[in-house]
1. For an R0 of 41 angstrom, estimate the FRET efficiency from the Cβ-Cβ distance between Asn165 and Phe69 and round to the nearest 0.05.
2. How would you rank Leu161, Leu301, going from fewest to most other Cβ atoms within 10 Å of each one's own Cβ?
3. What is the fewest-to-most order of Ser209, Ser177, Ser30 by other Cβ atoms lying within 10 Å of their Cβ?
4. Compactness ratio of region 243-301: Cα Rg over 2.2 N^0.38 Å, N = residue count?
5. Given the peptides 141-152, 197-208, arrange them by the average over their residues of other C-beta atoms within 10 Å, most packed first.
6. What net charge is computed for the residues neighbouring Val22, neighbours being all others with C-beta under 12 Å from the C-beta of Val22, Lys and Arg scored +1, Asp and Glu -1?
7. Among Ala176, Ala70, Ala135, determine the one that fluctuates most according to a GNM of the chain built with springs between C-alpha atoms less than 10 Å apart.
8. Expressed in whole Å with the largest first, what are the equivalent ellipsoid semi-axes of region 103-252 derived from the C-alpha gyration tensor as the square root of 5 times each eigenvalue?
Amino acid sequence: MARKKYIKMDLKKLTGTGVAIVTPFRKDTSIDFKSLEKLIEHIIKNNVDFIVALGTTGEAVTLTNDEKFAVVNFIKETVNNRVPVVLGLGGNNTQQIINYIKHTDFEGITAILSVAPYYNKPSQTGLYQHYKTIASTCPVPVILYNVPGRTGVNISAETTLKLANEIDNIIAIKEASGNIPQIMQIIKNRPKDFLILSGDDALTLPLISLGANGVISVVANAFPKEFSTMVNFALKGDFKSARNLHYKLIDIIHNLFVDGNPAGIKAALEILNITSNNVRLPLSTVNRQTYSQLTKLIEKL
């Protein structure tokens, strides 16, 4: 399959702190664009490096195609090229993703983040061919997303490295496996123009110390300044300063995931009066104990 031409990009645009932005909902679960604008301004004002739209944290699987189109266009218009925008575009039907790519306006989109196919549990050969096919069609660079806790399949280090070395416009991986030896193998053997981004806020500092290039974060929705400052300290090798911020945030980070994501981060955003605490089924809001604990931790911070 012939590879479609794409424009080479400066990888520094996707180094540092990316935010997997939530999709705010009203009580009736319609999209709250006013709160989405408030959240985007909060994030950009506090020095994040890029925004990821329609990821897991954005509850993309609960949005209709028309809603996805509206959300992406609103984010692009509000961001107005101030930071790069990455589009979450993945699934477990390769042809459906190809069709979606063909009908997507990539103006204002820097790259796509494509989660590993879930539920049907492909082999490593299937994963390789899946991403190769997507990359051959996509006009912007592709970021792999490995999150076996959600998908039921792990993209092995060998498959990641094969894709990184053989497919020009596969430029990075968001690694959320929690498998430190696997991630170290990728960092050690990757080509020089391939980025490793943490997919786990709690492991971001350790992974940067091992050679990772940044993070696609959940907690940075609520605390973009603190978390991006921690990441920047770590990338500069100032691990003492980075550790101070890491440990200030770590209890909040852990509590964000007690009752699932994005329920936790939406509770934190409500406590901070940025967005409301509404999610779409099958997700539910955090329980009272978690909400109370997050309130205490945020007040303390």
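1. Values: r = 35 Å, r/R0 = 0.84.
E(calc), rounded to 0.05, equals 0.75.
2. Details: Leu161 18, Leu301 12.
Result, fewest neighbours first: Leu301, Leu161.
3. Working: Ser209 13, Ser177 19, Ser30 10.
Fewest to most other Cβ atoms nearby, the residues stand as Ser30, Ser209, Ser177.
4. Values: Rg = 11.2 Å, N = 59, 2.2 N^0.38 = 10.4 Å.
Cα Rg divided by the expected 2.2 N^0.38 Å: 1.08.
5. On the way: 141-152: 20.8, 197-208: 23.0.
Going by the mean number of other Cβ atoms within 10 Å, highest first, we get 197-208, 141-152.
6. Numbers: positive: Lys38, Lys266, Arg280; negative: Asp32, Glu59, Glu270.
So the surrounding residues net to 0.
7. Ala70
8. Working: eigenvalues 147, 56, 45 Å².
Values for region 103-252, descending: 27, 17, 15 Å.
No value in this document is a laboratory result; all are computed from the given coordinates. Only a predicted model underlies this, so the values are computations on that prediction, with no experimental measurement involved. Don't worry about glycine lacking a Cβ; one is built from the backbone with ideal geometry, like all the others, and counts go over all protein chains shown.
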